[in-house]
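To start, the structure under review is shown below, and the notes come after it.
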């Protein structure tokens, strides 16, 4: 079995020769390459070449946010809209005067509309490069006060989604049989989530939702036409696994909020994909206490970047019990386990002993690092995990009741 075949077999509840090992190493690789601290034998290797040599699968889920089609394509990140080379969707602005200015590490974007101007500012500096980070920091959000509702509604009503299938196909060809070439659509899972995580500062969003719920609702509704176009385009792309939504936390996307504003959108998109024989992945990195039942109700197929204790309150066994074979877990090893300052060698070995007990049968599991391998990670620990996977041995198929659960 190659990595891709093994991952799809897990997703379908079939037996595999071993648990897939797909650690996310992109940020670790970029940071250590820039610092000149990659392992000696990989100093001149690409990340894919290194993964091939190690025998690891390639984590092709979270994109490189600097993989732009043009320098101007980063400008819309404060609107929660990305224009990446490998995305299956491209966003086009109709009737918007968009002015982009760069000053040092900052990008200032003005959206001039008949009902007002929106200005955003992003920062990308050397410290972010050294950490391997590729997504810019928003310094000035698109929404700063009630006067911004109308121009933002105008902007979103004049956004249009078009296919970018050639970029998606090129990505799949590059990844090959190393793993899923996941089609990235949006870090937001729904229009209201889009406003909460990117368009407004977090505290401002909750104040506005309390003080001006109608205006917030109308702004979310103004995204609706573009949102439906985006999902229609994404659903018809060549990719087999589609990424929608990221970074949920029970304190922010608290269960009632998730149930009202996110769950219906994920479930609708999941059904669209299932009718086409495709799978929905959502990036569940965060504190998931109280959210697991909503992931199941959302009909998602892959919970990417599940992060158990000691970084969150949930154990791996609790997550597996809640999913009960209906959702495939991707991730599972908390990133602190790779840091010697956080977990001494003996603690690491004890963690692994317990972890491989908690995964039970090992079915419905694609093992990786949650959320990502940090730059200071001990490389030898990645090799140790790989050896533990080999020692765990073959994995039988999931219980019959769970096979095909995504289509229920």
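The values are calculated or read from the model by the stated rules, or taken from the named source; none is laboratory data. Since the model is a prediction, treat every value here as computed from it, not as a measurement. Neighbour counts are summed over all protein chains in view; Cβ atoms, including those assigned to glycine, are modelled from backbone coordinates with ideal geometry.
A Cβ distance below 7 Å, combined with a sequence gap of six or more or placement on separate chains, defines the contacts here; from the stretch 299-327, residues that are more than 21 Å from residue 8 (Cα to Cα) reach residues that are in a loop (DSSP other than H, G, I, E, B) and at pLDDT below 95 in the pairs 307/285; 307/371.
In the stretch 338-361, the qualifying residues are those that are touching a strand residue (DSSP E or B) at 6+ places or on another chain (Cβ under 8 Å) and surrounded by 14 or more Cβ atoms within 10 Å (Cβ to Cβ), and the one that is farthest from residue 7 (Cα to Cα) is 338. Among the residues of the stretch 148-195, the ones that are under 23 Å from residue 61 (Cα atoms) and part of a strand (DSSP E or B) come to 7 in all. Against the test of being surrounded by fewer than 15 Cβ atoms within 10 Å (Cβ to Cβ) and either part of a helix (DSSP H, G or I) or out of contact with any helix residue (DSSP H, G or I) (no Cβ under 8 Å at 6 or more places or on another chain) (or both), the options 129, 112 yield a single qualifying residue, 112.
Reported count of residues in the stretch 28-62, each being part of a loop (DSSP other than H, G, I, E, B), in contact with a helix residue (DSSP H, G or I) (Cβ under 9 Å, 6 or more places away or on another chain) and surrounded by 15 or more Cβ atoms within 10 Å (Cβ to Cβ), is 8. Any chance the stretch 2-13 includes a residue that's surrounded by 21 or more Cβ atoms within 10 Å (Cβ to Cβ), under 20 Å from residue 247 (Cβ atoms) and touching a residue at least 60 places away in the same chain (Cβ under 8 Å)? No, there is no match, as no residue in the stretch 2-13 is surrounded by 21 or more Cβ atoms within 10 Å (Cβ to Cβ), under 20 Å from residue 247 (Cβ atoms) and touching a residue at least 60 places away in the same chain (Cβ under 8 Å). One residue stands out among those in the stretch 228-255 that are over 18 Å from the mean Cα position of the chain (by Cα) and within 16 Å of residue 81 (Cβ to Cβ): the one that is surrounded by the fewest Cβ atoms within 10 Å (Cβ to Cβ), which is 228. Report, by residue number, each residue of the stretch 70-109 that is surrounded by fewer than 19 Cβ atoms within 10 Å (Cβ to Cβ), on the phi > 0 side of the Ramachandran plot and in contact with a helix residue (DSSP H, G or I) (Cβ under 6 Å, 6 or more places away or on another chain). Of everything in the stretch 70-109, nothing turns out to be surrounded by fewer than 19 Cβ atoms within 10 Å (Cβ to Cβ), on the phi > 0 side of the Ramachandran plot and in contact with a helix residue (DSSP H, G or I) (Cβ under 6 Å, 6 or more places away or on another chain).
Kindly evaluate residue 27 against the criterion of being out of contact with any strand residue (DSSP E or B) (no Cβ under 8 Å at 6 or more places or on another chain) and at pLDDT 95 or above. Here the answer is no, as residue 27 does not meet what is asked. Residue 303: part of a strand (DSSP E or B), over 17 Å from residue 373 (Cα atoms) and touching a strand residue (DSSP E or B) at 6+ places or on another chain (Cβ under 6 Å), yes or no? Spelling it out, residue 303 is indeed part of a strand (DSSP E or B), over 17 Å from residue 373 (Cα atoms) and touching a strand residue (DSSP E or B) at 6+ places or on another chain (Cβ under 6 Å). Every condition in (1) in contact with a strand residue (DSSP E or B) (Cβ under 7 Å, 6 or more places away or on another chain); (2) in contact (Cβ under 8 Å) with a residue 60 or more places away in the chain; (3) crowded, with 21+ Cβ neighbours inside 10 Å is met by residue 162 except one, and the failing one is (3). Scan the stretch 168-178 residue by residue and report those that are more than 18 Å from residue 49 (Cα to Cα) and either surrounded by 20 or more Cβ atoms within 10 Å (Cβ to Cβ) or without any contact (Cβ under 8 Å) to a residue 60 or more places away in the chain (or both). Across the stretch 168-178, the qualifying residue is only 168. Against the criterion of being more than 18 Å from residue 3 (Cα to Cα) and in contact (Cβ under 8 Å) with a residue 40 or more places away in the chain, residue 374 qualifies.
The number of residues in the stretch 372-399 that are more than 28 Å from residue 40 (Cβ to Cβ), in contact with a helix residue (DSSP H, G or I) (Cβ under 9 Å, 6 or more places away or on another chain) and at pLDDT 95 or above comes to 2. Quick check, is residue 142 within 20 Å of the chain's Cα centre (by Cα), within 22 Å of residue 252 (Cα to Cα) and in a loop (DSSP other than H, G, I, E, B)? When the stated conditions are applied, residue 142 does not pass them. When residue 317 is tested against the conditions (1) assigned to a loop (DSSP other than H, G, I, E, B); (2) touching a helix residue (DSSP H, G or I) at 6+ places or on another chain (Cβ under 7 Å), the lone failure is (1). Being farther than 30 Å from residue 35 by Cβ and either modelled with pLDDT of 95 or more or part of a helix (DSSP H, G or I) (or both) is true for just one of 336, 296. Which residue is that? When all the criteria are applied, what remains is 296. Mind checking whether some residue in the stretch 362-371 is within 25 Å of residue 40 (Cα to Cα), surrounded by 18 or more Cβ atoms within 10 Å (Cβ to Cβ) and within 26 Å of the chain's Cα centre (by Cα)? Yes, the stretch 362-371 contains at least one residue that is within 25 Å of residue 40 (Cα to Cα), surrounded by 18 or more Cβ atoms within 10 Å (Cβ to Cβ) and within 26 Å of the chain's Cα centre (by Cα). Within the option set 383, 352, being in a helix (DSSP H, G or I) and more than 25 Å from residue 60 (Cβ to Cβ) holds for one residue only, 352.
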